[in-house]
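Right, one structure below, let's go through it.
The values are calculated or read from the model by the stated rules, or taken from the named source; none is laboratory data. It should be emphasised that the depicted structure is a prediction, and the values quoted were computed from it without experimental measurement. Reconstructed Cβ throughout: ideal geometry from the backbone, glycine too, with neighbour counts over all protein chains shown. With ligands, DNA and RNA removed, areas are computed over all heavy atoms of the protein, side chains included. Shrake-Rupley method; radii C 1.70, N 1.55, O 1.52, S 1.80 Å.
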Amino acid sequence: MATTRISGFYRLSPEERLELIAQARNLNGEEKQILSGAQPFSIRSADAMIENVIGVISIPLGVAVNFKINGVDRFIPMATEEPSVVAAASNAARTAYDLGGFHTSLSGSIMRGQIQIVDLPDPYGAQARIYEHKQEILDRCNAKDPTLVSLGGGAIDVEVHVIERAKEPMVVLHLLVDTRDAMGANAVNTMAEAVAPYIEEITGGRVVLRIISNLADRRLVRARAVFSAEELGGSEVVANIVRAYEFAECDPYRATTHNKGIMNGISAVVLATGNDTRAVEAGAHAYASVSGRYRSLTRWELNQDGNLVGSLELPMAVGIVGGATKSHPTARLALKVMDVQSAEELAACIAAVGLAQNLAALRALATDGIQKGHMALHARNLAVMAGATDEQIDLVVKMAIAAKDVRYDKILELTKQLQTGDVHGDGSDKQG
Ligand code: MEV
């Protein structure tokens, strides 16, 4: 396995970066064309994926480096429109690399399907009747998905919740399904719908909803890493990072933004791999408030060496089979770039990125603030919009930052000056 601890990756051109990844992952010419966007996702494929298609929208695909996860070096593909995210993840991962990188675990790959049963005069009696028929319920569900069962998955248990708080009491059957390498929504929803008439028969009630729950609390991914205090800027910086975490832990206004930063990394990998960003986001935010108060998804503390120990825990309903993970060529290749062979390995990478992303944000906030880093990338975006050539972009950015004026009109003015020869290559004004 080639190392992904690469300094100066950001200094390469997109073509050079792609070539480096292609060499490491044995990508062929067509695969390179797909990743580079030269062979775009076709409108025909888009039309087969959703409705009323008129086109496709492109989002930049970056690769974060320096990630060692459970002893394996990984390239992390990230699809995002937000500047700084990929660079921040790579930088934070670098500060953990020499201390062993990221370590993760997964609590399982079990998803919940919910079946809502109403019109029950005896909800607790219905609850007992469902438990008496547990095996028949599981058998009927598993008959709907022999492939999943042959792969070691399938419906494995039921839980029956009586909801007394509703206007009329209702019973909710939770079908616990091990979905293995699939995200599982299709498998779970199919089973829930198929078994519903039998549930009505057993309970004497009426089934209304039959749908997966995105609070995937039986599919929790956990990541931890130790980050070098020295590389982060010293003991004062790490102490401020811990203070920043405590702020989020105690204040939902801050926790929401703190967790949004985590999701900057997580959603970018989820999207790049064709997984369902909304499912993961809903699960993450619900999990952040399971205690009854919305809190930080990460924890930060110092170890005996004064280094920073970070940990993250959240539901991670992602798959590597089915849906867009297979039908979208770029998503399929993103999995290849990451070199993951199971949903568990994918979940591990996603959690590691979430943790790194959070550290990068807290470090920036606890030191220079985030605007400094953002501004350089923002200026790059504006320079591209203003029509600066590849050779001119760096200079325009440098001049705008030196002038402390990163607005589109200023960048346009600088670009025009450069193109009309009113400014020297070193950024100095000819007339000045
Ligand atoms: C910006 O997209 C994300 C941050 O606001 C996260 C944070 O505040 O922790 C920088």
Notebook entry, point to check: Just R363, R380, R94 to compare: in a GNM of the chain, with alpha carbon springs under 10 Å, which one fluctuates most?
Noted result: R380
Checklist line | Karplus-derived HN-Hα couplings along region 403-415 (A = 6.51, B = -1.76, C = 1.60, θ = phi - 60°), whole Hz, x at Gly and Pro | finding: 7, 6, 9, 9, 10, 4, 5, 5, 5, 4, 4, 5, 4
Margin query: Given the options G152, A268, A343, identify the residue whose Cα lies farthest towards the positive end of the charge dipole of the chain (+1 on Cβ of Lys, Arg; -1 on Cβ of Asp, Glu).
Written below: A268
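Under a Cβ-Cβ cut-off of 14 Å, what is the net charge of the residues other than V158 that fall near it, where Lys and Arg count +1 and Asp and Glu count -1? Please report the intermediate quantities before stating the final value.
Numbers: positive: R112, R129, K134, R140, R210, R218; negative: E132, E136, D139, D157, E159, D178.
For residues surrounding V158, the net value is 0.
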Next item on the list: Name the shape class, rounded, prolate or oblate, that the alpha-carbon gyration tensor gives for region 107-160, where a ≥ b ≥ c are the square roots of its eigenvalues, rounded holds for a/c under 1.5, and otherwise prolate holds if a/b is larger than b/c and oblate otherwise.
Entry: prolate
Notebook entry, point to check: Among 404-410, 21-27, 69-75, how do they line up from the highest to the lowest mean number of other beta-carbon atoms within 10 Å?
Noted result: 69-75, 21-27, 404-410
Checklist line | Total formal charge among the other residues, if their Cβ is under 9 angstrom from that of N66, Lys/Arg +1 and Asp/Glu -1 | finding: +2
Notebook entry, point to check: Averaged over all directions, how much area does the convex hull of the C-alpha atoms of region 15-141 cover when projected, in nm²?
Noted result: 15.1
Item checked: Cross-link partners of K398 among lysines (Cα-Cα below 18 Å; sequence separation of 8 or more within a chain) -> K372, K410, K416, K430
Margin query: Given Cα positions, please report Rg to Rh for region 372-420, the hydrodynamic radius being the Kirkwood one.
Written below: 0.91
Check: Using the Karplus equation 6.51 cos²θ - 1.76 cosθ + 1.60 (θ = phi - 60°), what ³J(HN,Hα) coupling, rounded to whole Hz, does each residue of region 326-340 give in order, writing x for Gly and Pro?
Finding: 9, 7, 9, x, 5, 4, 4, 6, 4, 5, 5, 4, 6, 6, 9
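Determine the dipole magnitude for region 1-149: charges of +1 sit on the beta-carbon of Lys and Arg, -1 on that of Asp and Glu, nothing else is charged, the reference point is the Cα centre, and the result goes in debye to the nearest 20.
Computed charge dipole of region 1-149: roughly 480 debye.
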Notebook entry, point to check: How much solvent-accessible surface does E249 expose, in Å² to the nearest 10, with a 1.4 Å probe and all protein chains in place?
Noted result: 20
Notebook entry, point to check: Do the sum for the chain: with -39,500 (n - 2.57) for every DSSP H run of n ≥ 4, divided by all residues, what is the mean residue ellipticity at 222 nm, to the nearest 500 deg cm²/dmol?
Noted result: -15500 deg cm²/dmol
Check: What relative contact order, as a whole-number percentage, does the chain give when Cα pairs under 8 Å and 6 or more residues apart are counted?
Finding: 17
Next item on the list: Wrap a convex hull around the Cα atoms of the chain, take a quarter of its surface area, and give that in square nanometres.
Entry: 25.5
Check: Given a 1.4 Å probe and the protein chains all in place, what does the accessible area of L365 round to, in Å² to the nearest 10?
Finding: 80
Checklist line | Taking the C-alpha atoms of region 308-405, convex hull volume expressed per residue in Å³ | finding: 163
Next item on the list: Output the peptides 176-184, 196-204 sorted from most to least packed, where packing is the average of other Cβ atoms within 10 Å over each peptide's residues.
Entry: 176-184, 196-204
Checklist line | Accessible surface, per residue, of region 9-98 when the full set of protein chains is kept, probe 1.4 Å, Å² | finding: 56
Note to self: Please compute the contact order of region 372-420 in relative form: average sequence separation of alpha-carbon pairs under 8 Å and at least six residues apart, divided by the residue count, as a percent.
What the structure shows: 43
Next item on the list: Assuming R0 = 25 Å, can you tell me the calculated FRET efficiency for the pair R254 and R165, based on Cβ-Cβ distance, to the nearest 0.05?
Entry: 0.25
